[in-house]
1. Would you kindly derive the ³J(HN,Hα) couplings of the stretch 339-345 from the backbone phi angles with the Karplus curve 6.51 cos²θ - 1.76 cosθ + 1.60 (θ = phi - 60°), listing them in order in whole Hz, with x for Gly and Pro?
2. Residue by residue, what Karplus-based ³J(HN,Hα) values in Hz, rounded to whole numbers, does the stretch 309-324 have, using 6.51, -1.76 and 1.60 with θ = phi - 60° and x for Gly and Pro?
3. Stretched out fully, how many nm does the piece from GLU148 to SER248 gain, at 0.36 nm a residue minus the Cα gap?
4. Please give, to one decimal in nm, the separation of the simple spin-label points placed at VAL198 and ARG19, each 7 Å out from Cα toward the Cβ.
5. Considering all alpha-carbon pairs of the stretch 1-122, what whole percent are spaced by more than 17 angstrom?
6. Between ASP240 and SER299, what length in nm is gained on full extension when 0.36 nm per residue of separation is reduced by their alpha carbon distance?
7. On the principal axes of its Cα set, how long, how wide and how thick is the stretch 108-199? Give whole Å, largest value first.
8. Check THR69: other-chain or 5+ apart residues with amide H under 5 Å from its amide H, H built from backbone geometry?
Amino acid sequence: GRSPVCDDVTCHALVEQLRPCSPDLVLAVGSGVINDLCKWSSFELGLPYIVVATAASMNGYSSANVASTIAGVKMLIEARPPVAVAAEPAVIERAPRKMTTAGFGDTIAKHQSNGDWVVNNLLLDEYHCSFCAGIVAGIEPLYLDHPEDIREGKPDAIKGLFEALFWTGMAMTLVGTSAPASGGEHLLSHTLDMMAEVRGESHDLHGRQVGIGTILSAALFQRILSVERPAPADLPSGVDGEFWIVPSVASAVREQYDAKRQRLDAIRHKIGQHDVWNQLRTRVKAEVKSPQTIRDWLSRAGGATCLADIGCSRERLRSAILHMHEIRKRFTIIDLAWLVGVMPDAADDIIDEWLS
């Protein structure tokens, strides 16, 4: 059978199956999609849920968020976190290596998403919590000092990775948004998933695609931070309806994009203030990593580092990069790259230099 997907149709079917049984509790045994479906359906039914984690593959176990597809668009729904997360180290260690390296990709994204969070704090006065931003700093050495320990399945490294995934999920729950662990780098994965959905194609694991997105984000930040006085540019004026194929998907994307465009004048004004821009460069530089560092970590851990690793053609990746700014109203590094004139020209250069 086909693997389950976390979308509105599947959740509705699950709720209709569970309702007549009048359960007291929903128990999820699994990772990504299983956890999300149980979290979502238990929330709809007003029931508590517990998750038994089976892989260090993503950071959603302890978060309130559900990574869902509604009417073809990848979205985050705020539900409720589980009552408990249970994990048996031996099971986590024996999970397919591909899933563990996906978790590694999802975890290291936080260096870049913290950069995004600082940008939003400075340009849009979004709340920023330094405690939540640094919540896994003490655990990171377990899997970042020797990333090859992840590839070799060493228990301490995998335990450290799982704990980091758990605590970044907790950070999202504490803040009430995905900001502590998800920024522009995640949009590449969501866009590739949405493209696959409307075209009837397949896509790779979320965390493996996020790893590629993290290299992209790092390369964009590197270029943006070298700009001393940005000349304000603009984002494309509308959404490319033909690219999204399905009219309802194009319409939902357009709604998100229009909401973001309404705030661009205020952002552009702030970017034009020299003191604000210098403060942004200083604070963001302290958070983000270089594309070389990110690629090196992924490579040593055995993760995906180039488009071939995620089964993606150059043209498909390029299309995703040129449209990923359309899918969310939240402002990210991708939007900033357009506003300071780094995008769209940087897309080809970054693919050639870092992702081929």
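The values are calculated or read from the model by the stated rules, or taken from the named source; none is laboratory data. Remember, predicted model here, so these are calculated numbers, not experimental data. Cβ coordinates were reconstructed from backbone atoms using ideal geometry, including for glycine residues, and neighbour counts include every protein chain displayed. All accessible areas refer to the heavy atoms of the entire protein, side chains included, with ligands and DNA or RNA removed. Shrake-Rupley method; radii C 1.70, N 1.55, O 1.52, S 1.80 Å.
1. Once θ is set to phi - 60°, the couplings for the stretch 339-345 become 5, 9, x, 6, 9, x, 4 Hz.
2. 5, 9, x, 10, 6, 4, 5, 5, 5, 4, 4, 4, 5, 7, 10, 5
3. The span from GLU148 to SER248 would gain 31.6 nm if fully extended.
4. A separation of 3.2 nm, rounded to one decimal place.
5. I get 61 percent for the Cα pairs in the stretch 1-122 exceeding 17 Å.
6. 17.8 nm
7. Result for the stretch 108-199: principal-axis Cα extents of 41, 40, 20 Å.
8. ASP7, ASP8, MET75
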